[in-house]
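Structure record follows, encoded as structure tokens.
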Amino acid sequence: MRRVVLHIGPHKTGTTYLQRVFQALRPALAADGIAFPAGWSQSDDQPGHVKLYEALNAGDVANPKTAFDAIAADDVLISAEDLSYLHESQLVQLRTVLGDAAVRVVFYSRRWSEILPSVWQERIKHGFSETLTQFLTAATRNPGGLDFIDSGRILDRYATVFGRENIRIVSYSALTDTGTDIAEHFLSSFLPRLRTPATQAGAVLGSRPNRSLLPAEIEVVRALNAMHIAAGGTPGVAIRHWFLREGHRHGAAALLAAVGRTVQAVRLADARPELDALHRRLWASYGDARVPPGPADGFFVPLVRDIPCAPPMPPPTALYQAFQASIA
């Protein structure tokens, strides 16, 4: 019987790093009879299987099934964080794509005081403009309505379609707390047939492909996004890319230094009642699916974290005008 390791993320749990390690090890994986398909990847720089998600999201089952059936290996590694977004009906379609293969679903859990600021920053990177305080207030007002906070919603969908016994949960926070490389842990936990050590991934191993921006950087980008949206622009990555590439030509160093002097801290506690209740419920439902390491009574040790954040800055009009001129 064919075997599939289905890594579904979610976002902000080291998925890009894992996928680049898988890509670097593709020849070694193939030599051991494990396929990491290239056809569902967006590009060499984005080796995750986003095209599989896009096909399923569009209701296309035939093309992914043809591609899957054409894979010669008995073991297949599929990795795409967007797969965590699929609705139950789409997961039924994914089950059809994979046929009668034995599927092991791999999901990563991360403490909220880490993932919430990370998700917020990712939103700013992609063109949105809410402040960290606004984002945290909205997210914690109804945490049970958001998959990236109440991950039990995702796991319930996968359990319904693939079977609860086939779900494995890794504590991303426990790995980072103990200094464990998540790629080495993944390979040893889910691909034990792989004879090649993870060190064969070379410089990719231990890299940080999706680094966080500094508090001053993210505030300037957020303020530019706000101006762009107010001017009728569509949220996207163009402003961030332009600022990081061209901002130095328009006084970015002095602006970042000024904004950096205003940085304060926003406190977020993992054990606040509404979040702790979700953690307890998730542990009660899926604690036995957790792959070590981790604490004995939860997916992570709750922390209180002070998150550095710059308060809203005045509109950077001259900088935004320079951006507009660059795209005119």
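FYI, it's all coordinate maths here, none of it is from the lab. Values in this document were obtained by computation on a predicted structure and should not be read as measured data. All Cβ positions, even for glycine, are placed from backbone atoms using ideal geometry, and neighbour counts span all protein chains on display.
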Legend entry - Most positive-pole-ward Cα, P197, G247, I182, against dipole of the chain from beta carbon charges: G247
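Rank-order 36-46, 137-147 by packing density, defined as the average count of other C-beta atoms within 10 Å over each peptide's residues, highest first. Before the final figure, lay out each step's value.
Details: 36-46: 15.2, 137-147: 13.3.
For the peptides 36-46, 137-147, the packing ranking is 36-46, 137-147.
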Legend entry - Only Lys, Arg (+1) and Asp, Glu (-1) charged, at Cβ; the chain dipole about Cα centre in debye: 340
Inset, instruction - Could you state the angle between the C-alpha long axis of helix 273-286 and the longest principal axis of the C-alpha atoms of the chain, as a value from 0 to 90 degrees rounded to the nearest 10? - result: 10
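Starting from the Cα gyration tensor of region 29-69, take the square roots of the eigenvalues, sort them a ≥ b ≥ c, and report rounded, prolate or oblate (rounded when a/c is under 1.5, otherwise prolate if a/b is larger than b/c, else oblate). If you can, show how the numbers build up before the last one.
Working: a/c = 3.40, a/b = 1.40, b/c = 2.43.
Since a/c reaches 1.5 but b/c is at least a/b, the shape of region 29-69 is classed as oblate.
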Legend entry - Length-normalised contact order of region 102-230 in % [C-alpha pairs under 8 Å, at least 6 apart]: 40
Legend entry - Reach of K12 by Cα under 17 Å, taken over lysines that are not fewer than 8 positions away in the same chain: K125
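Work out how much length E122 to R245 would gain on full extension: take 0.36 nm times their residue separation and subtract the Cα-Cα distance, in nm to one decimal. Walk me through the numbers before you get to the answer.
Values: separation 123, 0.36 × 123 = 44.28 nm, distance 1.80 nm.
The E122-R245 span can extend by a further 42.5 nm.
Could you tell me the relative contact order of region 1-138? Use alpha-carbon pairs under 8 Å, at least six residues apart, and round to a whole percent. Each step should come with its number before you reach the end.
Details: 178 pairs, mean separation 53.8, N = 138.
Result for region 1-138 is 39 percent.
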Inset, instruction - Set Lys and Arg Cβ to +1 and Asp and Glu Cβ to -1, take the dipole of the chain about its Cα centre, and tell me which of A322, A73, G9 lies farthest positive. - result: A322
Legend entry - Cα centroid separation - region 77-113 against region 1-43, whole Å: 13
Inset, instruction - Using per-residue counts of other Cβ atoms within 10 Å, averaged over each peptide, order 264-272, 235-243 from highest down. - result: 235-243, 264-272
Inset, instruction - Find how many whole Å separate the alpha carbon centroid of region 183-232 from the alpha carbon centroid of region 129-171. - result: 20
Inset, instruction - Please give the helix 112-125 orientation as an angle from the longest Cα principal axis of the chain, in degrees from 0 to 90, rounded to the nearest 10. - result: 70
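Report for the chain the percent antiparallel among DSSP-assigned beta bridges with both residues inside it, nearest 5.
The antiparallel fraction comes to roughly 25 percent.
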Legend entry - Of [x] 20.5; [y] 22.6; [z] 21.3, the label for Kirkwood radius over Cα pairs in Å derived from the coordinates: [z]
Inset, instruction - Round to the nearest 10 and give me the degree value, 0 to 90, for the angle of helix 215-230's Cα axis relative to the longest principal axis of the chain. - result: 80
